1. Hey, can you tell me all the residues within the range 1-49 that are assigned to a loop (DSSP other than H, G, I, E, B) and either more than 30 Å from residue 210 (Cβ to Cβ) or not assigned by TED's automatic domain parsing to the domain that holds residue 202 (or both)?
2. Step by step: first the residues of the range 83-104, then only those that are in contact (Cβ under 8 Å) with a residue 24 or more places away in the chain and part of a helix (DSSP H, G or I), then the one that is farthest from residue 143 (Cα to Cα). Which residue is that?
3. Which of (1) more than 14 Å from the chain's Cα centre (by Cα); (2) assigned to a loop (DSSP other than H, G, I, E, B); (3) in the same structural domain as residue 60 (by TED's automatic domain parsing); (4) on the phi < 0 side of the Ramachandran plot does residue 264 not meet, given it meets every other one?
4. Looking at the range 103-135, which of the residues that are more than 23 Å from the chain's Cα centre (by Cα) and within 13 Å of residue 146 (Cα to Cα) is surrounded by the most Cβ atoms within 10 Å (Cβ to Cβ)?
5. Only one of these is buried (at least 17 other Cβ atoms within 10 Å of the Cβ) and more than 23 Å from residue 280 (Cα to Cα): 53, 49, 12, 99. Name it.
6. Take the range 136-159 and flag every residue that is in a helix (DSSP H, G or I) and buried (at least 18 other Cβ atoms within 10 Å of the Cβ).
7. Give me the strands (runs of 3 or more DSSP E) completely within the range 282-386, filtered to those with at least 3 residues that are surrounded by fewer than 18 Cβ atoms within 10 Å (Cβ to Cβ), ordered by residue number.
8. Looking at the range 164-197 only, could you name the residues that are within 16 Å of the chain's Cα centre (by Cα) and more than 15 Å from residue 120 (Cα to Cα)?
């Protein structure tokens, strides 16, 4: 069976930083682009022997702002991969773009080189909110960007949106969804605002300026219903698409498939090994040219770790998990996990279709809590199978972690 590999290229450059952004990216560092390009190409060429056993079926340029980096550099990187690795002609190749950095010439260059998917960072249709969070574009520019991409022949376009933004109301969110659906992209990625420490938007944490949890939950459930109504069924906790237009690259993350990252802060998962590179542009460049260590983290996942990731990532998707797949990853008892999933089903949090379990929309709202409880059940099953792991073998194991009377308003702790 042919082995497939996804490749992620991190472009850490931005024209300016958004107030909520916690990704590794830099503004005002354009003078380092040329040196970074040389480092990236050298790194890809040096890694060619590790990529040789695989066919590359997805390639993703993320950031940062790849469109700010420029189509010329992106195409040069793509050509390097074509020259040094086995890139399938049918590969899904995505470039993230901000609406204010889109031009016909750049789009045409990307299309002619074989890039076939564009992800636009739109975030909101409310220009006042866009300014408030540090976005450089207007919604009119976003509409124009989508039209230009379609005119150049792109038929796989994704829009990134955020709900729970400062001053955003449920009506604002409904208006954003309505206007973006009218553009008829093929895909939506919709994220609830997450306030990260150290970001400028932290100043609003805990204030009435942000929608509360109930409002965010209403926005989420409305979004799921309206997108499905207009032909974009949910396939992952934050992702919706026309049938057949799911992000093949992102599915690799959730299905524990192999992917390899390049650039500062980029992560990889290859044959059960996770590793990442230092989130430091200068050190990354110096490491590539000076043979310094650029590895930040490295972990060989064991079977229990793989089983944990299988639950955590699989339950993020509508496809969900199954007993058979779990036993393939980790030969342990699935009964306690399935018991919990059955209890969740009674409360409307999970659904059982054939041999697979997945969350409902209401379950996705509680997914962090519910997945945590599933992992507790997994640990308990492991201790039952291996009593030597228990510090006091005569002490009874805790009861199944189900709380009576739990609900969406009163979720399990």
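The values are calculated or read from the model by the stated rules, or taken from the named source; none is laboratory data. Please read these numbers as outputs of a predicted model, since none were measured by experiment. In this analysis, Cβ positions are derived from the backbone assuming ideal geometry, glycine residues included, and neighbour counts consider all displayed protein chains.
1. Answer for the range 1-49, where residues must be assigned to a loop (DSSP other than H, G, I, E, B) and either more than 30 Å from residue 210 (Cβ to Cβ) or not assigned by TED's automatic domain parsing to the domain that holds residue 202 (or both): 1, 2, 3, 29.
2. 84
3. Residue 264 satisfies all of (1) more than 14 Å from the chain's Cα centre (by Cα); (2) assigned to a loop (DSSP other than H, G, I, E, B); (3) in the same structural domain as residue 60 (by TED's automatic domain parsing); (4) on the phi < 0 side of the Ramachandran plot except (3).
4. Only one residue tops the list, namely 107.
5. 99
6. 139, 141, 142, 145, 146, 148, 149
7. By residue number, 295-300, 350-353.
8. Scanning the range 164-197 gives 192, 193, 194.
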